[in-house]
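Have a look at the structure below before the remarks.
Each reported figure results from applying straightforward, stated rules to the coordinates on display, with no laboratory input. Keep in mind that this is a model prediction, so the values were computed, not measured. Counting neighbours? That spans all protein chains shown, and the Cβs are built from the backbone with ideal geometry, glycine included.
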Amino acid sequence: MSTTTPSTAATRIADGPPPQPLPGPAAPPRRGLRRLGVSRALLWPALIVSIVLTQVPFVITIYYSLQSWNLLRPADQRFAWFENYARVFSNGSFLSSLLATVVITGSTVVLSTVLGLLFAVLLDRPFRGRALARTMIITPFLIMPAAAALIWKWSMFEASTGMVNWGLGLLGLPSVAWNTDVPVATVILVLTWQYTPFFTLILLAGLQSQSRDILEASSVDGAGAWRTFTSITLPHMRQYVEIAVLLGSIQLVQVFDPVAIMTRGSGGTKTLAYLLYERAFVGLEVGEAAAYGVITVLVTIVIATVALRTLFKVFTEGTR
Amino acid sequence: MTTDALAPRATASARPLGRRLTAAGTRRRIRGGAITLLTWGVVVVFFFPVLWMVLTAFKPERQAATDPPTFLADWTLDSFGKVFARDMAPYLINSLTASVGSTIIVLLLAIPAAYALSIRPIVKVRDALFFFISTRFMPVAASIIPVYLILQTLGLLDNINALMILYVGVNLPIAIWMMRSFLSEVPVEIVEAAQIDGAKLRTELFRVVIPIVLPGIAAAGLICFIFAWNEYFLASILTSTAARTTPPFLASFVDGRGFFLAVLSAASTIAVLPVVIAGWVAQKQLVRGLAMGAIK
């Protein structure tokens, strides 16, 4: 396994602290006295498993996406170049799916960020029963998404006996036929409910990492709570919001569970993941579905990039 | 002596200041109380669906879906009996097998890898880390079709071990990422001391490093368990009967006809219980693990 020169360890001991081997800003390697070979041996199993389980299938997906292949007619399988992509872009279901994905992901991320920031601020200050309140807030994150979708659909959003309409009634507002009239809203609300705790946790970690000295200095200087929040806390929170948004949107782009369970893709909720599922496992169009898979990966990359850029802009402008 | 000299002046100036502070203090206390009240209001609304699910599970079916809602029901355990009469146990066992099994394998692979990436010297740490985290970001949709066809060819569809191995692939990157941030907090001197003392790799790992990062291992293991237990997409596509796990079982539990809300709530309550309890008990590790995995 080892390919390094056996003298490495010995020279290092002799020379005292060894030079950092290829330090990177993300992960500066720590000093150690053993040979590189052992480290590689420790890393390889995980690397191989990861490559076999994720990269190899993706490469095969790319290959499939260039095939004309329906499982009902396996004999007709042939290489088709970019036929599937041409078909995907020319039929309407792709664009409406892309729109559904962007609308659902975008709305959920925005709502979860706003609510997450609010919860984080509220839960950061000391009050009686704070530990219990935090436990209650993180619970939706722990709830199985399939269970969450079912409970929301039948127990919360149901038109005549659901709790949401009952609550609206208490406030004197009219009932809404959630499941039939606004399926997109139901999916977004359930996802927001499940992702807000995740955002809250990360943002809370951000709030707690603020330097108390700076906050005190600001209040001594006579800055009000709101001013302190906008000019010190928010800029400090930028990287935390960025990470939460990035991780959240990457998960949400692939969203499948509530769509499959609550709406079955009706009413503008047919996300890319659900469309792929339909084409592959209902329509048995392997080639076309594989093309959706490749496109989903590309969209993930784009959304992650755009999310980061936009946020960066909002925060830098907000602090000036 | 200094105290004596300063004390009278301090009390003298403190008195009027103190009075002013009481007025401001009262105002602040009222405002603080209002914010606390608002906090609890928001928390209760947010938590309500969970509470309502549990309450509904203990209602008789005829009181489960009513308008207006029934708050004082004739509480009963009937629905739980019905759930197990519909044979939920095998699905729970499948879920347990896939989640616990995949979590153990993930930890066995992730701890050495994270160790190599944080404490031991290795070339291209950044590349390796970037690779792992990028596989986490790759949508499952990108690989489901070949995975399905390969499992079909091998006769491994509806096989719980196959699902377990796939969960290893899903959870491995996040476990490595989290373990690495926990391991990089281990003081390097301790490891070096052990190495100079001539400790073998195994001793170094098991006697020195692992005891220090045990809470981190618990956190990473918990996150992997949660993701695997709750996973729906792969489970619904790759299993049908023998290896069916809880989430797809739950999803096909009701067809929307007749009265089913109490029994559905009972099944959901059972399904979410292991993860919710584990999450509550290990809340500190969970929060820390998530924050670290996400930020470092």
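Points to keep in mind about this one:
- The simple Förster model, with R0 at 41 Å and r as the Cβ-Cβ distance, assigns residue A:306 and residue B:66 a FRET efficiency of 0.35.
- Here residue B:189 and residue A:52 are evaluated by their C-beta separation; at R0 = 45 Å the FRET efficiency comes out at 0.75.
- Summarised as an ellipsoid, the protein assembly as shown has semi-axes of 41, 38, 24 Å, derived from the eigenvalues of the Cα gyration tensor scaled by 5 and square-rooted, with the largest first.
- Most mobile of B:208, B:42, B:281 in a GNM of chain B (Cα contacts under 10 Å): B:42
- Residue by residue along A:254-260, Cβ atoms of other protein chains within 10 Å of the local Cβ number 4 on average.
- Label-reachable residues, the stretch A:225-240, where backbone N falls under 20 Å from a point 7 Å from residue A:217's Cα toward its Cβ: A:225-239
- Sites excluded, chymotrypsin sites (Phe, Trp or Tyr not before Pro) in DSSP loops with at most 14 other C-beta within 10 Å, longest stretch of chain B: B:76-258
- Across the stretch A:70-211, the volume of the C-alpha convex hull divided among the residues equals 203 Å³ per residue.
- Normalised by the number of residues in the stretch B:81-291, the mean separation of alpha-carbon contacts (under 8 Å, six or more apart) gives a relative contact order of 33 percent.
- Kyte-Doolittle mean at least 1.0 and Cα axial length at least 15 Å: DSSP H helices in chain B: B:89-118, B:160-183, B:210-230, B:261-281
- Inter-chain shielding of B:69-78 (mean C-beta neighbours from other protein chains, 10 Å cut-off): 1
- Hits among aspartates and glutamates - C-alpha to C-alpha of residue A:153 under 18 Å, sequence gap 8 or more where chains match: A:181, A:257, B:61, B:67, B:255
- If you take all other residues with their beta carbon under 11 Å from the beta carbon of residue B:235, and give Lys and Arg +1 and Asp and Glu -1, the sum is -2.
- Note on residue A:73 and residue A:110: with the Förster distance fixed at 45 Å, the Cβ-Cβ geometry gives a FRET efficiency of about 0.50.
- Between B:216, B:81, B:25, the GNM of chain B built on Cα springs shorter than 10 angstrom shows B:25 fluctuating the most.
- Distance between the modelled labels on residue B:44 and residue A:281, one decimal in nanometres: 4.1 nm (7 Å Cα→Cβ projection).
- GNM top mover of B:140, B:213, B:263 - chain B, alpha-carbon springs below 10 Å: B:140
- Annotation: amide H-H contacts under 5 Å for residue A:67 (H modelled 1.01 Å from N, sequence separation of 5 or more, or interchain): A:80.
- Cα convex hull volume per residue for the stretch B:156-260 (Å³): 129
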